[in-house]
1. May I ask which of Lys32/Lys88; Lys71/Lys273; Lys75/Lys273 have a Cα-Cα span longer than 20 Å here?
2. Could you work out the percent of alpha carbon pairs in the range 28-106 separated by over 19 Å, rounded to a whole number?
3. How much accessible surface does Asp35 have with a 1.4 Å probe, in Å² rounded to 10?
4. At 0.36 nm per residue, minus the direct Cα-Cα distance, what do Ala9 and Leu92 gain on full extension? Give it in nm, one decimal, please.
5. Between Gln77 and Tyr228, what length comes free when the chain is fully extended (0.36 nm per residue of separation minus the Cα-Cα distance, one decimal in nm)?
6. Rg to Rh ratio, the chain, alpha-carbon atoms and Kirkwood radius?
7. Helix 123-148 sits at what angle to the longest principal axis of the chain, using alpha carbons and giving 0 to 90 degrees rounded to 10?
8. How large is the translational diffusion coefficient of the range 94-246 in µm² per second when you combine the Kirkwood radius over alpha carbon pairs with Stokes-Einstein at 10 °C and 1.306 mPa s?
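The values are calculated or read from the model by the stated rules, or taken from the named source; none is laboratory data. All of these numbers come straight from a predicted model, not from anything done at the bench. So basically every Cβ, Gly included, is an ideal-geometry build from the backbone, and we count neighbours across all protein chains shown. Only protein heavy atoms, including side chains, enter the accessible area calculation; ligands, DNA and RNA are left aside. Shrake-Rupley method; radii C 1.70, N 1.55, O 1.52, S 1.80 Å.
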Amino acid sequence: MLPYNSIEAAAAHLGRNLTYAETLWFNYSADKSDDVLACHNILFLCLFFSVAPLPFVFIQLLRSPFFEKHKIQPKIQPSAAEIFNCYKDVMLSFFFVVGPLQLISYPSVKAVGVHTGLPLPSIGEISAQLLVYFLIEDYTHYWIHRFLHCKWGYEKIHKVHHHYTSPIAFAAPYAHWAEILILGIPSFLGPAMVPGHVTTFWLWFVLRQIEAIDTHSGYDFPWSVTKYIPFYGGADHHDYHHYVGGQSQSNFASVFTYCDYIYGTDKGYRYQKKALQKLREGVNGGEDGDGGFKSD
């Protein structure tokens, strides 16, 4: 809760007038406790998870040739019922796993220094912190993901996520409850190491969810703005991981590709890409006869 009883008091403390964004923040947050503000996160996750995948869902159900030529595994087409069941299962995990975790984790959020006061962070500060969060999450996620592909980790936990050999957008957080808890650690490490404002905290989890939806979309669109992000893996990179399935020892990274390249866990993917490129150049084809995995 903000330690000011008026905008004038807040301006006096800052030694300047509040910006428009800070005025909005004051009006919204002044009478809300810090724990209530921190727990907004689950509301944002549910909202964005319900809305952000919808364009991919419509495209998948429409099955227009214009979009289907960009589908990475064109031979696998989920039904509307399968897509809805996936959404339903994920929302249940949000309510019974992610939500309670958010509620009980506030003491940890407060302890690491995530704050709710004024001034609001600048765009530069937010951008720098988000970059650090993505890098930390990506690196730690890589190693946990590799562990989940050992025999015990896969059979007991991770195979739930691999139910979808051709990912769909709603399947991004589709996983065993234990995996949801375990992979919450990399997501929290960044804010714990470089704490910031609660609004940055919210934005981080929303962007991470949107990124996961993109990489599980099943489509590799050449016009995507993510093509301009250095080392960004995207749907094509992660789709291969699902395509290979339980035996996969490739493409473990969540966001970027550098860990897989450095540690040599993208060799199968790169070999597949080269083979498909040669096939396409030779016969103007784009599909693998076994699983329907296609190159860029």
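1. In this structure, Lys32/Lys88 lie more than 20 Å apart at Cα.
2. 53 percent
3. The accessible area comes out at roughly 70 Å².
4. So the chain would gain 25.5 nm between Ala9 and Leu92.
5. Difference between extended and current length: 51.5 nm.
6. Checking Rg against Rh, the ratio lands at 1.02.
7. 50 degrees
8. Taking Rh from Cα pairs, D becomes 95 µm²/s.
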